[in-house]
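Trainee: Here it is: the structure, laid out below.
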Amino acid sequence: MEDSIKYCGICPRGCRVDRGSGAAGVCGGGSLPRVSRYGLHHGEEPCLSGTRGSGTVFFSGCSLRCVFCQNHHISQQVSGREYQTHELADIFLELQSSGAHNLNLVTATHFAPSVIEALTIARQVGFRLPVVYNSSGYESLETLRSLSGQVDVYLPDLKYYYPESSLRYSSASDYFEHAAKAVLEMYRQVGPLSVDKSGIAVRGLIIRHLLLPGHLEESKRIIDWIADNLYPGVWVSLMSQYTPVHLARKYPEINRTVTLDEYEQLLDHFLERGWDTAFIQEHSSASRRYIPTF
Ligand code: SF4
C-alpha cells in the first residue's frame, strides 16, 4: 500500500505525489482512506437496493472532479474522517450486520489498496456480501487488475465520448480513452450481470450513463460504443436526473435540466440497437416500455 501512494499513479491522473508525506494529488486523498459517510442506501438500481438497501460507503475525494457533481460536498471537499484499514473492515462488517444486500464502494479508486486490505481483513472474520465497485470509469488498468477477484459487481459511469467534453467538464481530455479500456477490463473480470432468486445482483457489469443537456448525440455515441463492444451481455443504466448544481451555472449550455424529449430520444436510440436490458428512470413515459425503473 505504501509503495502505491508514494509516487501515486493509482488512477490515470498520474500525479506522482507522495501522499504519505502529506502531499495531495487531484483526488485529495492522503495515506489513509477517508470516509464521508456510510449506511443503507435505497436509491440505487433495483438489483442493488433490493428491499433492505445497499450498504454504501461514500469515500471522500475523487480523481475526476466534474463541474456538475451532485456529490461535490463529498467528492471535492475534505469530509468525514480517516480510518485505519481494520476500522474500514469493521464498517464493512457493520453494514453486513445491518442487513445490506451488498457492499457498495462509492468512488473508492484513490483508496483501492486500502480497500483491498480491508476486504481481506473483513473476509477473514465472516464478511461475505457481494462487493459493488461504484466508479467514475476513470480508472487505470493496473489498479483494476489489482481488484480482480475482490469485486463482484462493477458499476462504472461512461460519462463522455468526446475529449472536448471531458476536458471542459472534468479536466480530463483522456477520459474516454481510459474509461473504455476500464469497462472492457471490468467485463473481462466479472462478465454479464447475474442475479439471485430475489433479483439481487451477485456478479457482473452495469454501466451507468447520465444524459447531459444538449449532449444527446454524444450519449448516442456512447450507446453505440457499448452496443458494438459489449452487447448483449451488459446492462445499462440510463439516467435523466441531471440537475445543474455545483459549478454548472458557469457553463450556460448545461445550466438546465434534461428535457423529456431528449431522454426519450436516447431511449429510442437504445431500443433501435435491439436492446432491452436497461434500467431507466421514471422521468419518461417511455419507462412503460422497459423493465425496471428506479
Ligand atoms: S489517485 Fe489521486 S493522487 Fe493518485 S494519481 Fe489519482 S488523482 Fe493523483
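Computed from the coordinates by the stated procedures, all read-outs in this text should not be read as laboratory data. Bear in mind that the values here come from a model prediction, so they are computed numbers and not experimental data. So basically every Cβ, Gly included, is an ideal-geometry build from the backbone, and we count neighbours across all protein chains shown.
Trainee: Can you tell me the length gained on complete extension of the stretch Thr243 to Glu142, counting 0.36 nm per residue apart and subtracting the Cα distance? Provide the component values of the computation, followed by the final result.
Mentor: On the way: separation 101, 0.36 × 101 = 36.36 nm, distance 3.35 nm.
Contour length minus the Cα-Cα distance gives 33.0 nm.
Trainee: Per-residue HN-Hα couplings for segment 76-93, Karplus 6.51 cos²θ - 1.76 cosθ + 1.60 at θ = phi - 60°, whole Hz, x for Gly and Pro?
Mentor: Once rounded to whole Hz, the list reads 10, 10, 7, 9, x, 9, 7, 10, 5, 4, 5, 6, 5, 4, 5, 4, 4, 5.
Trainee: Expressed as a whole number of Å, what is the distance separating the alpha-carbon centroids of segment 107-178 and segment 57-89?
Mentor: 13
Trainee: For Val202, which sequence-distant residues (separation of 5 or more, or a different chain) have an amide H within less than 5 Å of its own amide H, given hydrogens modelled in the peptide plane?
Mentor: Result for Val202 returns Ser194, Val195, Asp196.
Trainee: Let me ask something additional. From the P(r) of the chain, could you give the percentage of C-alpha pairs in the tail past 30 Å?
Mentor: Result for the distance tail: 27 percent.
Trainee: With label points built 7 Å along Cα→Cβ from the Cα atoms of Glu177 and Asp18, find their separation and express it in nm.
Mentor: About 2.9 nm, to one decimal.
Trainee: Rg and Dmax of segment 1-137, using alpha carbons, in Å: what are they?
Mentor: 14.6, 43
Trainee: Work out, step by step, the length gained on full extension between Leu184 and Asn71: first 0.36 nm times the residue separation, then minus their alpha carbon distance; give nm to one decimal. The partial results should precede the final answer.
Mentor: On the way: separation 113, 0.36 × 113 = 40.68 nm, distance 2.63 nm.
Residue separation times 0.36 nm, minus the Cα-Cα distance, leaves 38.1 nm.
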